[in-house]
Structures are given as C-alpha cells and as structure tokens.
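Take a look at the structure set out below.
The values are calculated or read from the model by the stated rules, or taken from the named source; none is laboratory data. Quick caveat: nothing in here was measured; it's all calculated off a predicted structure. Please note: Cβ atoms are built from the backbone with ideal geometry, for glycine as well, and neighbour counts cover all protein chains shown. Side chains are part of the model used for accessible areas, which takes the heavy atoms of the whole protein and leaves out ligands, DNA and RNA. Shrake-Rupley method; radii C 1.70, N 1.55, O 1.52, S 1.80 Å.
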Amino acid sequence: MSTRVAENVSALELADYQKAVRLVLRHPLITSVYPDGAALATVRRWAEQLRTDLMEVLGYRLITTADTARLQRAQDQLDPTRPALSRSGRPFDRRRYAYLALSLAVLGRHGAQVALGELADAVAADAARIDGLGLDTGRKHDRDAFVDAVSWLTERGALRLADGSAASWAADPERAEALYDIDREVLTAVHQPTRVLQHVTSVTALLDSAGARSLSEGRRAQRLSASRRARRLVLEHPVAYYADADPELTGQLRAPALAEDLTRLTGLTIERRAEGVALVDTSGRLSDTRFPGGGTVAQAALLLGARISEAAARTGRHAPELLPVPSAAERLADRAGRIDLALPAQGVFEQATADREDTEEAEGENAAPAAPEFRYPFVTTSWLRARTKEITERYGAGFAADLRGDPDRLLDQAVDLLAAMSLVVRVAGGVLALPLLARYRGVTAEVKARPRVRATPSPPSTGSPEAAAPDALFPADDVKDPAQ
C-alpha cells in the first residue's frame with residue numbers, strides 16, 4: 001500500500017488503536033449507547049487515523065459526528081451471515097426488515113417524540129399499500145414483529161424510551177403504551193444508502209465489485225482497487241480460498257503486503273496454507289461468530305463437520321465422489337435471483353435498466369478467461385441425516401429439547417453454520433467438504449453431568465478426548481510457501 005498503516009500511532013499506543021479498529025469493524029454504527037457507553041469515545045479518539053487507514057486499506061469510509069460513528073463498507077458480495085436480530089436473538093425475516101424500513105421512513109418525517117401506537121398506525125398505513133405485507137395491530141404476530149424492528153432502533157439509540165413499555169404494548173395495545181424520544185442524528189446514520197435506490201434494478205447494483213473493474217480506470221487505480229478487494233475478502237470471511245477468488249485477486253492474496261497491512265491494522269495474525277489465507281481471531285475480538293462455540297447448533301455442527309471430514313478423507317472404493325464447487329459468481333447469481341424476485345417493479349427509472357444492460361454487455365465482451373475447475377468431496381443429504389441421527393442419539397442429553405426432537409431442523413441449522421464458516425458449501429442433494437474442514441477431523445465429545453456437550457479436536461497422535469485443538473488453520477501436511 002502507498003500509506004503505512006497506523007503511520008502516526010506510536011508503538012505504545014498501537015494496541016489501543018487496533019482495539020478501535022476492531023470495534024468499528026465489528027459495529028459499523030456506534031452511538032453514545034451502542035454497543036456500549038465507552039465505544040464512541042474510543043473511536044473518536046482515533047477518528048483521523050481510522051479514516052485514513054480504513055479508506056486506504058479497505059476502501060471503507062468512516063463518518064463521525066458528535067454522537068455517532070458510521071462505517072460505510074464497500075460490499076463485494078451478498079452476505080447472509082450478518083442478519084439483524086430480534087429480541088429473542090433470531091434473524092429478522094422479511095416482515096421485520098420491511099417494518100424496520102417503513103419505521104425509518106415514518107420517523108424521518110416525524111417530530112421529536114413518537115408514541116409506539118402512533119408509529120404503528122403510520123407504518124400500518126404504508127404497509128397496507130405493499131402487496132402481501134400489511135400490519136394489523138390486532139394480531140400479536142404482527143405486533144411482535146413490529147416491536148422487534150423498534151427495539152433494534154432503540155438498542156442503537158435512534159429511539160430512546162421516555163415512558164411506558166414496548167413489551168407491554170405488544171402484549172395489550174389497548175391497555176399499554178410507550179413513548180420514545182427520536183435522535184435524528186442517529187436515525188440519519190442508521191440509513192445511509194450508497195446508491196440512489198430508484199436506480200436499483202437488481203440487488204447486485206448495491207455491490208462495489210463491478211465498479212472496481214471499471215475499464216476506464218488506470219493501471220495504478222486498478223491495482224489499488226484489487227488490493228482493497230483482496231483485503232476485504234480476507235477480513236470479511238472466515239477464509240479466502242485461492243480457488244474461489246477472481247484471477248486478478250490471487251496475486252494480491254499471496255502478496256506479503258496483505259498480511260502486513262491487515263496484521264498491523266487489526267492486531268490479528270494471517271495464516272497461509274496451500275488452499276488459501278485467513279485472518280485468525282482466536283480471542284473473538286473481531287469475529288461476530290465463534291466456531292467452535294457453545295450451544296446445541298454449534299456443538300452439533302462441530303461433530304457433524306468432523307464426520308464429514310473423515311468421510312472426505314477416505315480412499316479406495318470408499319472414497320467420496322468429487323464434484324465441482326459453484327463459483328462465487330454462480331452463488332452470487334443464484335442468491336441475487338432469489339432476492340430480486342421480491343423487488344418492486346414500480347418507481348425504478350427505465351434509463352437505469354438500459355445503463356445496466358450496456359454495462360453487462362461491456363463486461364461480457366471483456367470477461368476474464370474461465371478459472372480452472374476445482375472438485376471437492378461430496379456427501380449426500382441422506383448421509384447427513386443419518387450422521388445427525390447418530391449424533392443426537394449419542395449426545396442428545398446435552399442438546400436443547402426442541403432441536404433434539406427435530407433432527408431435520410438441527411441438521412439444517414448445523415449445515416448453515418458450517419457453510420457460513422466456509423467449511424462446506426451447499427449443493428443440490430448434499431454438501432461439498434471444503435479444505436478448512438480438515439482442521440476438525442478427529443473431534444471427540446464427552447457428555448458432562450450438567451448436562452452439556454463439550455467437543456474438542458484431537459490431534460492424530462493421541463486418542464485423548466481432552467486434547468487441545470490444533471493450532472493450524474489448515475492441515476499441516478498441506479502447507480506451502482506462498483512465495484513458491
């Protein structure tokens with residue numbers, strides 16, 4: 001990179017600066033109350049250096065005000081692993097996202113305070129004009145979804161409860177109410193789209209990767225754009241596989257500068273192996289998801305992953321079938337297609353559609369040559385069901401009762417977690433085992449008396465269930481010198 005990361009930060013203060021970096025990367029919106037009372041002061045102290053480094057290294061914009069810090073990320077992919085969460089910790093569904101968007105619109109044209117019932121009526125009026133949505137405050141299901149959206153805003157400080165209780169209103173709106181103060185500065189920081197939404201004809205128009213490969217860019221600008229995309233790929237994902245990266249990024253992923261920049265920026269270490277590169281966060285200071293982790297789904301996913309890895313390593317007549325993994329472009333097209341089905345047809349400028357078609361035609365004419373095909377071990381859904389049944393029967397005493405009694409749901413959630421951690425990829429009829437999964441081969445588990453399942457990877461040299469997890473991210477025998 002042209003600018004040294006943390007250039008004006010002394011060695012004695014570097015750890016404090018890296019803490020501020022991790023804080024703003026993990027929480028793109030920081031207010032006086034979110035994620036805690038000290039976070040905003042920590043970020044504001046380093047605001048100038050943060051703005052410089054985050055833009056230079058990652059292409060991210062940091063906007064700070066007296067009461068907020070807002071990180072505007074450059075998005076290269078559609079990422080389903082960071083959903084908004086309800087009060088019970090469940091990911092938002094479409095209804096909750098719709099209520100959140102409509103609440104932002106209503107609050108944007110409101111005064112200094114709003115009653116919850118009044119806000120619900122205004123959102124209901126807008127929701128009634130959207131086919132298949134609606135908001136009926138007489139239905140507990142709708143009220144709960146609406147309060148989840150309001151609580152999300154309250155947690156971040158856009159709304160501040162002045163009187164009453166949202167939970168009481170959700171239980172009985174005829175006998176309870178809640179009054180909120182509106183923080184307009186935080187409200188503005190919550191919703192800062194980087195595109196004119198009336199020009200969006202596909203969700204992919206919200207991504208930055210197409211612009212990163214603009215033909216009008218000079219060679220230096222293209223290199224800078226590629227280096228930022230490579231750093232974002234490593235930072236935002238559990239592992240960046242060389243086989244899955246665009247050809248223009250593989251050189252950047254292998255370059256020593258990437259490790260130097262990200263290590264100095266975040267305080268974490270880079271691990272390289274034959275198949276890819278990863279930013280290792282053993283302490284959980286940056287990661288939004290820990291794996292291995294606690295809870296039924298994480299424990300079942302770890303045990304299932306170990307069995308998939310063992311099956312993938314078989315040879316001879318028991319060797320699994322090898323199938324090609326869908327490319328990143330194919331996965332993006334599939335995900336975008338499903339999202340685009342819900343986009344409204346009205347309110348979109350026709351000229352934008354024509355511009356998009358022209359851009360796609362130009363990109364098609366200048367498309368890069370096809371990448372080599374990589375194949376990975378395949379296991380079927382029926383095989384996964386059988387292994388999940390075995391795991392439940394053996395370790396179910398430590399699992400949550402609702403998931404223990406619904407093995408198909410447990411399997412679905414466990415595979416979702418493995419896929420989110422880049423350990424497997426879903427394909428029709430099963431999953432493909434990716435190289436990182438080999439880290440968890442040989443996992444053993446013990447049901448404790450409390451009861452709880454504790455799972456720990458055991459290295460091949462011992463059979464002890466108490467053995468510690470291996471330090472290497474990928475299998476040690478697959479290590480290669482990146483310079484080779």
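Annotations for the structure displayed:
- Residues of the stretch 186-238 classified as part of a helix (DSSP H, G or I), under 29 Å from Arg26 (Cβ atoms) and modelled with pLDDT under 80, total: 5
- Single residue of the stretch 28-48 satisfying the filter (of a type in the set (Val, Ile, Thr) and assigned to a helix (DSSP H, G or I)) that is most open to solvent (accessible area, probe 1.4 Å): Thr42
- Matching option when the condition is modelled with pLDDT of 90 or more and over 20 Å from Val415 (Cβ atoms), among Ile339, Ile308, Ile270: Ile270
- Of the residues making up the stretch 392-403, those that are in contact (Cβ under 8 Å) with a residue 12 or more places away in the chain, part of a helix (DSSP H, G or I) and hydrophobic (A, V, I, L, M, F, W, C) are Ala397, Leu403.
- One residue alone among Arg70, Arg51, Arg95 is outside any loop (DSSP other than H, G, I, E, B), open to solvent by 20 Å² or more (accessible area, probe 1.4 Å), in contact with a helix residue (DSSP H, G or I) (Cβ under 6 Å, 6 or more places away or on another chain) and more than 24 Å from His141 (Cβ to Cβ), and that residue is Arg70.
- Pick from the stretch 243-275, criterion more than 23 Å from the chain's Cα centre (by Cα) and open to solvent by less than 40 Å² (accessible area, probe 1.4 Å), ranking: farthest from Leu418 (Cα to Cα): Ala257
- Per-region count, the stretch 290-332, residues among the β-branched types (Val, Ile, Thr) and open to solvent by less than 30 Å² (accessible area, probe 1.4 Å): 2
- Within this structure, Ala278 fails the test of being in a helix (DSSP H, G or I), in contact with a Leu (Cβ under 6 Å, 6 or more places away or on another chain) and either open to solvent by less than 50 Å² (accessible area, probe 1.4 Å) or not aliphatic (A, V, I, L, M) (or both).
- Selection of first residues in the stretch 115-126 that are open to solvent by less than 10 Å² (accessible area, probe 1.4 Å) and of second residues that are not in a helix (DSSP H, G or I) and not polar (S, T, N, Q), restricted to Cβ pairs under 6 Å at least 6 apart or on distinct chains, gives the following pairs, ordered by first then second residue: Leu116/Ala178; Val123/Leu135.
- Options Pro482, Pro460, Pro465; residue that is within 17 Å of Leu302 (Cβ to Cβ), open to solvent by 40 Å² or more (accessible area, probe 1.4 Å), in a loop (DSSP other than H, G, I, E, B) and at pLDDT below 55: Pro465
- Residue within the stretch 403-413 that is modelled with pLDDT under 85 and touching a helix residue (DSSP H, G or I) at 6+ places or on another chain (Cβ under 6 Å) present: no
- All positions within the stretch 175-204 that are open to solvent by 40 Å² or more (accessible area, probe 1.4 Å) and either under 20 Å from the mean Cα position of the chain (by Cα) or on the phi > 0 side of the Ramachandran plot (or both): His191, Gln192, Pro193, Thr194, Thr204
- Residues located in the stretch 404-438, provided they are touching a residue at least 40 places away in the same chain (Cβ under 8 Å), open to solvent by less than 50 Å² (accessible area, probe 1.4 Å), part of a helix (DSSP H, G or I) and under 18 Å from Thr289 (Cβ atoms): Leu410, Ala414, Val415, Leu417, Leu418, Ala420, Leu436, Leu437
- A single member of Glu7, Glu13 is modelled with pLDDT of 95 or more and open to solvent by 30 Å² or more (accessible area, probe 1.4 Å), and it is Glu13.
- Count - residues of the stretch 233-283 that are of a type in the set (Gly, Ala, Ser) and within 24 Å of Ala438 (Cβ to Cβ): 8
- Looking only at the stretch 139-173, residues that are open to solvent by 50 Å² or more (accessible area, probe 1.4 Å) and closer than 14 Å to Ala115 by Cβ come to 5 in all.
- Members of the stretch 282-311 that are in contact with a helix residue (DSSP H, G or I) (Cβ under 7 Å, 6 or more places away or on another chain) and of a type in the set (Gly, Ala, Ser): Ala298, Ala300, Ala301, Gly305, Ala306, Ser309
- Of residues in the stretch 372-391 being in a loop (DSSP other than H, G, I, E, B) and surrounded by fewer than 16 Cβ atoms within 10 Å (Cβ to Cβ), the one modelled with the lowest pLDDT: Pro372
- In summary, Ala240 fulfils each of the numbered conditions (1) under 30 Å from Leu159 (Cβ atoms); (2) under 22 Å from the mean Cα position of the chain (by Cα); (3) buried (at least 18 other Cβ atoms within 10 Å of the Cβ) with the single exception of condition (1).
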